[in-house]
1. Might you check whether a residue that is among the aromatic types (F, W, Y), in contact with a Leu (Cβ under 9 Å, 6 or more places away or on another chain) and over 30 Å from W233 (Cβ atoms) occurs anywhere in region 113-122?
2. Can you tell me how many residues in region 225-250 are within 30 Å of I27 (Cβ to Cβ), over 13 Å from the mean Cα position of the chain (by Cα) and assigned to a strand (DSSP E or B)?
3. Considering only residues that are at pLDDT below 95 and among the small types (G, A, S), which ones fall in region 316-364?
4. Is it the case that F188 is within 12 Å of the ligand (Cβ to nearest atom), outside any loop (DSSP other than H, G, I, E, B) and within 23 Å of D396 (Cα to Cα)?
5. Name every residue in region 112-149 that is within 12 Å of the ligand (Cβ to nearest atom) and either open to solvent by 10 Å² or more (accessible area, probe 1.4 Å) or among the charged types (D, E, K, R) (or both), in order of residue number.
6. Under the condition of being surrounded by fewer than 20 Cβ atoms within 10 Å (Cβ to Cβ) and within 23 Å of the chain's Cα centre (by Cα), which residue from region 289-302 is nearest to A264 (Cα to Cα)?
7. List the residue pairs whose Cβ atoms are under 8 Å apart, where the first residue sits in region 105-130 and is under 26 Å from T169 (Cα atoms), the second is within 13 Å of the ligand (Cβ to nearest atom) and assigned to a loop (DSSP other than H, G, I, E, B), and the two are 6 or more positions apart or on different chains.
Amino acid sequence: MDFQNNLDFALQLDKQDPLACFRDEFIIPQHNGHDMIYLCGNSLGLQPKATASVIAGQLDNWSKYAVEGWFDGDTPWMFYHKQLTNSLANIVGALPAEVVAMNTLTVNLHFLLVSFYISNNKRYKIIMEGGAFPSDQYAVESQVRFHGYDPKEAIIEVFPRDGEDTLRTEDILQKISENAGELALVLFGGINYYTGQFYDLETITKAGHKAGAFVGFDLAHAAGNVPLKLHDWGVDFACWCSYKYINSSPGGISGAFIHEKHFANTELNRFAGWWGYREDKRFEMKLGFKPQEGAEGWQVSCAPVLLMAAHKAALNVFDKAGSIQLLREKSKVLTGYLEFLINGINREQSKQIFKIITPKNADERGCQLSIICDNGKAIFDHLVKNGVLGDWREPDVIRLSPVPLYNSFKDVYMAGKILEEAVKR
Ligand SMILES: Cc1ncc(COP(=O)(O)O)c(C=O)c1O
């Protein structure tokens, strides 16, 4: 698209946007009496207006039914998670039986590593993206130690080439094939939290399997942001959080995917709990764990219903918006517009003030642009002071993420203007 740096153009794009009405589903935080320009869905998504009433509905059930709410009322809590399944399956491209909402993200990563990090003297290595989110690094380090290996030997990180900011798929594949004989697991983020790079998950999955390893993904920055086809790609497992692009409350419930090809595999370890026990026999309270069929068999503890209610309110908005593909189409244009405006500042100043380290190719990124500049923290502070909220990640990146469900082209235009001001000060 031929973008223009003027307000009328941005307003025209908003007028033509079939998803523009969804902004009204959200509570937009205020700054000096105006809507804040919230570009931080990469960290915490905005609150849907319906969230309070959906949670209130469950508080009401609690007050009416008390313990009997597990089986009584309009939405018995025993089965509450099932209402989330179809929407989640659509978001990550899975069969409904392959997904479940449970726990929190790093907790799910640990539980899934229990099942899918199967080491022996020959195969014990894990390949990860260099600079993975620290919680993933700590989870993997501790799992490797738990298996009796030295993280320095067992964890192989793939880094960008010298002078480059993001990974080349060919380098990931090369690392996988070099280590094929010793590789137990390939574990990548779907989108890297720092650079915003969206990895080629299908190709990585194929290569990992060819090397004889399981392949899993942390989709914290990908779920609800980019279209995914976990089932068709044959991914073994994945997990994600719901508080970023899925807008399901701070620390909200996580999701997990286990491919159906693993359902019948009784060799896989699990750290079990009663909520993963066969649903029809759970309350017989018998010795000897018998898992519920499908991803639900990985559940551990009883459902945190209030968090699930927040999740349900947010997933309803996704369902109303239709396919994730529609969101993606807007998202590419919205982020492309932000990129155009930032590059415009560079052009106007005749030098590179802002370096965008996120890939230029829209297919290799989601909503987020990661920007580096001299005086980055001062620029970031100017944005915040003027009502543009992205976030700052040490050591030197400003992350700005226009989200198609609630951000407008006007938001992006205004953010560009305030960035420009910050440079000219
Ligand atoms: C990629 C990634 N992995 C893991 C986490 C940690 O998630 P949690 O604190 O919900 O376990 C985050 C948090 O932002 C993240 O971005």
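1. No, region 113-122 contains no residue that is among the aromatic types (F, W, Y), in contact with a Leu (Cβ under 9 Å, 6 or more places away or on another chain) and over 30 Å from W233 (Cβ atoms).
2. Summing the residues that are within 30 Å of I27 (Cβ to Cβ), over 13 Å from the mean Cα position of the chain (by Cα) and assigned to a strand (DSSP E or B) in region 225-250 gives 0.
3. Passing the criteria: G322, S323, S350.
4. Judged against the criteria, F188 is a match.
5. The answer is E129, G131, F133, P134, S135, D136, Q137, Y138.
6. Top of the filtered list is G294.
7. Every condition considered, the pairs that remain are L105/A220; L105/C241; L105/S254; E129/N192; E129/Y199.
Results for (1) part of a helix (DSSP H, G or I); (2) in contact with a Phe, Trp or Tyr (Cβ under 8 Å, 6 or more places away or on another chain); (3) open to solvent by 10 Å² or more (accessible area, probe 1.4 Å), shown as yes or no for each residue.
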residue	(1), (2), (3)
V384	yes, no, yes
W392	no, yes, yes
P395	no, no, yes
A415	yes, no, no
E421	yes, no, yes
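The values are calculated or read from the model by the stated rules, or taken from the named source; none is laboratory data. The model shown is predicted, which means the values in this text are computed figures rather than measured ones. All Cβ positions, glycine included, derive from the backbone under ideal geometry; neighbour counts span all protein chains shown. Please note that ligands, DNA and RNA were not included when accessible areas were found on the heavy atoms of the full protein model with its side chains. Shrake-Rupley method; radii C 1.70, N 1.55, O 1.52, S 1.80 Å.
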